[in-house]
1. Restrict the search to the range 116-155; then list the GluC sites (Glu not before Pro) that DSSP places in a loop and that have at most 12 other Cβ atoms within 10 Å of their Cβ.
2. Rg and Dmax of the range 267-347 over Cα atoms: what are they, in angstrom?
3. For a quick size check, give me the Cα extents of the range 189-347 along its three principal axes, largest first, whole Å.
4. Rg and Dmax of the range 228-291 over Cα atoms: what are they, in angstrom?
5. Report, in debye and to the nearest 20, how large the dipole of the range 225-337 comes out about its Cα centre when Lys and Arg carry +1 and Asp and Glu carry -1 on their Cβ.
6. Mind grabbing the accessible area of residue 221 for me, 1.4 Å probe, Å², rounded to tens?
7. At 4 °C and 1.567 mPa s, what whole-number value in µm²/s does Stokes-Einstein give for the translational diffusion of the range 186-244, with Rh from the Kirkwood sum over Cα pairs?
8. Arrange the peptides 195-208, 163-176 so that the one whose residues have, on average, the most other Cβ atoms within 10 Å appears first.
Amino acid sequence: MKKFLIVIGMFIFILTGCANTDQVQESESNSGKQNEEKNQNETKDNKSDDREASSEEEQDDSERSTPQMDIVEFGHVHGMGFNSEGSRLLLSSHTGLKVYEDGIWSEGKGEGHDYMGFAMAKDSFFSSGHPALGSELKNPLGIVKSSDEGKSLEQLTLYGEVDFHVTGVSYNTGTLYVINFAQNSVMKNKGLYYTQNETQTWKRSLLEGYPSQLKPDALAVHPDEDSIVAIATENGLYLSINYGDSFEKSFDGYQITAAYFDFDDQLWVGTYNGQAGLQRMDLNTGKITIVNIPDMPKDAIQYITLNPENTLEMIIATYNVDMYKSVDGGESWVTIAEQGKPTSNLD
């Protein structure tokens with residue numbers, strides 16, 4: 001089977017890299033430039049009249065102008081999720097959090113940390129990654145938590161020691177899962193670990209039925225039943241109902257590019273087998289439904305999230321950093337970002 005993962009990886013490496021991109025802002029308004037040019041051309045005989053005219057023009061320009069929104073670009077996505085009220089989408093990137101609210105993108109709160117392994121819970125988020133340039137925080141971040149959408153961070157564990165890239169959290173219970181790729185001071189072995197008390201203690205999953213040679217690309221955890229966890233791989237999806245102690249394979253024949261449990265016992269899965277797809281599996285019946293998605297040639301879904309207060313509202317992000325929003329359960333879509341540039345800033 002054609003491995004989309006390799007193509008995606010090369011494309012993302014070339015397109016985005018890992019550079020931190022400074023935010024660009026315009027520092028002068030058009031009206032200010034016009035007034036400066038006008039003042040440079042003033043003559044001594046007409047200073048008084050020109051000042052009065054300039055004042056009237058400034059007032060007219062002020063009345064005609066509209067507030068400018070922040071220029072927000074996020075390059076690529078490291079995770080996303082809605083807050084508990086369903087009013088804001090938080091998106092993590094190399095340059096901090098970005099917020100989507102009422103159709104408008106803006107910069108998130110706090111420092112612009114390089115958030116990796118971002119996992120959104122009901123009243124907080126968990127993340128790993130690297131501190132922003134100029135930050136006093138240690139590198140890497142270990143596992144941090146924020147209960148105020150990034151304004152402040154609490155260092156939970158492995159601070160200055162580990163950068164986790166593959167994590168998942170049970171939205172309503174707060175149980176956190178991580179894939180550990182190397183021994184550290186807390187986890188003596190590689191593998192899947194989970195904590196039900198915000199990293200105070202960890203348990204290692206047995207991973208029976210999961211092929212050890214398969215690289216785990218993404219984790220998803222049921223929002224209420226924290227024993228239900230899914231691992232996305234290039235060769236199918238592996239589902240566990242006992243905290244990762246044993247797994248069963250599903251979606252055979254597909255590369256799984258994304259996985260997400262919603263609030264109605266539905267598992268949403270991004271697939272690829274020559275072209276991108278989105279499927280939904282009912283956990284109670286096992287029925288699988290193919291969901292309509294926008295045309296995305298040479299691309300695939302990387303992240304999926306649903307609004308906890310309105311599960312018909314869904315947002316997907318792709319490897320090419322295009323983002324789409326549906327308010328009817330996937331029947332129709334609108335574009336909200338193109339190649340890491342929010343469309344609300346391109347209007």
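1. 136
2. 12.9, 44
3. Computed over the Cα atoms, the extents are 49, 34, 32 Å.
4. Rg then Dmax for the range 228-291, in Å: 11.0, 33.
5. 360
6. Accessible area of residue 221: about 10 Å².
7. So the translational diffusion coefficient is about 106 µm²/s.
8. Averaged packing, sorted descending, gives the order 163-176, 195-208.
The values are calculated or read from the model by the stated rules, or taken from the named source; none is laboratory data. Being a predicted model, the structure only gives us computed values, none of them experimental. Heads up, the Cβs are rebuilt from the backbone with ideal geometry, glycines too, and the neighbour counts pull from every protein chain shown. The area values use the complete protein model at the heavy-atom level, side chains included, leaving out ligands, DNA and RNA. Shrake-Rupley method; radii C 1.70, N 1.55, O 1.52, S 1.80 Å.
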